[in-house]
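Colleague: The following block contains the structure, expressed as structure tokens.
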């Protein structure tokens, strides 16, 4: 039977209705995103920098935690498996995740770690500067084992795992290898958003979701050509073939910004999905929305192209919002 390459509103509704009965495990690096909002009216007399007059601040779960809240916003139960410090940032993060209906009972505490926090100073809708407070040390072996045990215990009730690697110490090669083994043992779908600067063996995962730049870096190929039609972009097609073959993936989803997405599967022709974004206010967190909504689709029984179309619609909505945003089922269905 041929793979369906369109999604009607009714089909999208059916996928979402099924997703609310599925649980997706999310693991990797969690963080807290802090936004400090203000106005700029003058330059500092102390240095050639703007003076931001504080108006308000807001806090949003970031990294793997943002993937989890994207899932629950769409009605899919999400279980957060990660490690935080014993600090006020962790308390704030837990409270926000609970408010977003994310199950964070398996969020472990390590008193020696600092919970990652990214503070963005924003004036007149423009980011002025970002301050990162974090620990990049790898997890202690005993904590990594505890985390793997808790994931293994929850895999009985889950069909998919999303792995968010931000290079903050949770996702080591040993940890990823253990996750692959668990996934193979339980027949679980494994999605990962790769960071080429953090070199990991990505072979035998179900899905990776690099952007164009990351895909070329992973393939070790220079990006010298650009074509408005990705299917006719010879270099991009070469990268897709290299990654699919070398990494033994089920699906390679390359995000292409204003050009949309490219869905690549072994034995299938690459399928291009044009972007649906009308206005782009903020792309922060859009990758979390893509991998979360795609994996939700797979867990709910969608084929990879249907899942990618769903993710493309979700991404088109979040980039039209300011800040690290999520999508509701009502918004998603209205876009079809």
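Colleague: Out of the stretch 24-66, which residues are free of Cβ contacts under 8 Å to residues at least 24 places away in the same chain, over 18 Å from residue 132 (Cβ atoms) and assigned to a strand (DSSP E or B)?
Modeller: 41, 42, 43, 51, 53, 54, 55, 56 - these are the residues of the stretch 24-66 that are free of Cβ contacts under 8 Å to residues at least 24 places away in the same chain, over 18 Å from residue 132 (Cβ atoms) and assigned to a strand (DSSP E or B).
Colleague: Take residue 285 and tell me if it is touching a helix residue (DSSP H, G or I) at 6+ places or on another chain (Cβ under 6 Å), at positive phi and at pLDDT below 95. Break it down into steps so the answer makes sense when it comes.
Modeller: Numbers: touching a helix residue (DSSP H, G or I) at 6+ places or on another chain (Cβ under 6 Å): yes; at positive phi: yes; at pLDDT below 95: yes.
Yes.
Colleague: Shifting gears a bit: Inspect the stretch 269-276 for any residue being surrounded by 15 or more Cβ atoms within 10 Å (Cβ to Cβ) and at pLDDT below 90 and give the result as yes or no. If you could, list the steps in order and put the result at the bottom.
Modeller: Initial filter on the stretch 269-276 (surrounded by 15 or more Cβ atoms within 10 Å (Cβ to Cβ)): 270-273, 275-276.
This time we only want the ones that are at pLDDT below 90, so: 275-276.
Yes: one or more hits.
Colleague: Out of the stretch 314-330, which residues are within 28 Å of residue 119 (Cα to Cα) and in contact with a helix residue (DSSP H, G or I) (Cβ under 7 Å, 6 or more places away or on another chain)?
Modeller: Our first condition is that a residue be within 28 Å of residue 119 (Cα to Cα); within the stretch 314-330, this holds for 314-328.
Across the stretch 314-330, the qualifying residues are 314, 315, 317, 318, 319, 324, 325, 326, 327, 328.
Colleague: Also: Scan the stretch 145-170 residue by residue and report those that are farther than 21 Å from residue 23 by Cβ, buried (at least 18 other Cβ atoms within 10 Å of the Cβ) and either free of Cβ contacts under 8 Å to residues at least 60 places away in the same chain or out of contact with any helix residue (DSSP H, G or I) (no Cβ under 9 Å at 6 or more places or on another chain) (or both).
Modeller: 168, 169 - these are the residues of the stretch 145-170 that are farther than 21 Å from residue 23 by Cβ, buried (at least 18 other Cβ atoms within 10 Å of the Cβ) and either free of Cβ contacts under 8 Å to residues at least 60 places away in the same chain or out of contact with any helix residue (DSSP H, G or I) (no Cβ under 9 Å at 6 or more places or on another chain) (or both).
Colleague: Which of the residues spanning the stretch 203-221 are over 19 Å from residue 259 (Cβ atoms) and either surrounded by 21 or more Cβ atoms within 10 Å (Cβ to Cβ) or over 18 Å from the mean Cα position of the chain (by Cα) (or both)?
Modeller: To start, the set of residues in the stretch 203-221 that are over 19 Å from residue 259 (Cβ atoms) comprises 203-207, 220.
Hits for the stretch 203-221 are 203, 204, 205, 207, 220.
Colleague: Give the stretch 176-207 a look and list any residue that's modelled with pLDDT under 95 and in a strand (DSSP E or B), or say none.
Modeller: The one that is modelled with pLDDT under 95 and in a strand (DSSP E or B): 193.
Colleague: Mind counting the residues in the stretch 222-254 that are in contact (Cβ under 8 Å) with a residue 40 or more places away in the chain and under 23 Å from the mean Cα position of the chain (by Cα)? Walk me through how you get there before you give the answer.
Modeller: To start, the set of residues in the stretch 222-254 that are in contact (Cβ under 8 Å) with a residue 40 or more places away in the chain comprises 229-231, 246-254.
From the residues that got through so far, the ones that are under 23 Å from the mean Cα position of the chain (by Cα) too are 230, 246-254.
Counting residues in the stretch 222-254 that are in contact (Cβ under 8 Å) with a residue 40 or more places away in the chain and under 23 Å from the mean Cα position of the chain (by Cα) gives 10.
Colleague: State all residues of the stretch 211-224 that are in a loop (DSSP other than H, G, I, E, B) and farther than 9 Å from residue 239 by Cβ; if no residue qualifies, say none. Please lay out each step first, then the result.
Modeller: Our first condition is that a residue be in a loop (DSSP other than H, G, I, E, B); within the stretch 211-224, this holds for 220-224.
Of everything in the stretch 211-224, those that are in a loop (DSSP other than H, G, I, E, B) and farther than 9 Å from residue 239 by Cβ turn out to be 220, 222, 224.
Colleague: Looking at (1) within 30 Å of residue 330 (Cβ to Cβ); (2) free of Cβ contacts under 8 Å to residues at least 40 places away in the same chain, which is the one condition that is false for residue 75?
Modeller: The one condition residue 75 does not meet is (2).
The values are calculated or read from the model by the stated rules, or taken from the named source; none is laboratory data. Nothing here was measured: the structure is a model prediction, and the numbers come from that model. Note that we place each Cβ from the backbone using ideal geometry, even for glycine, and neighbour counts take in every protein chain shown.
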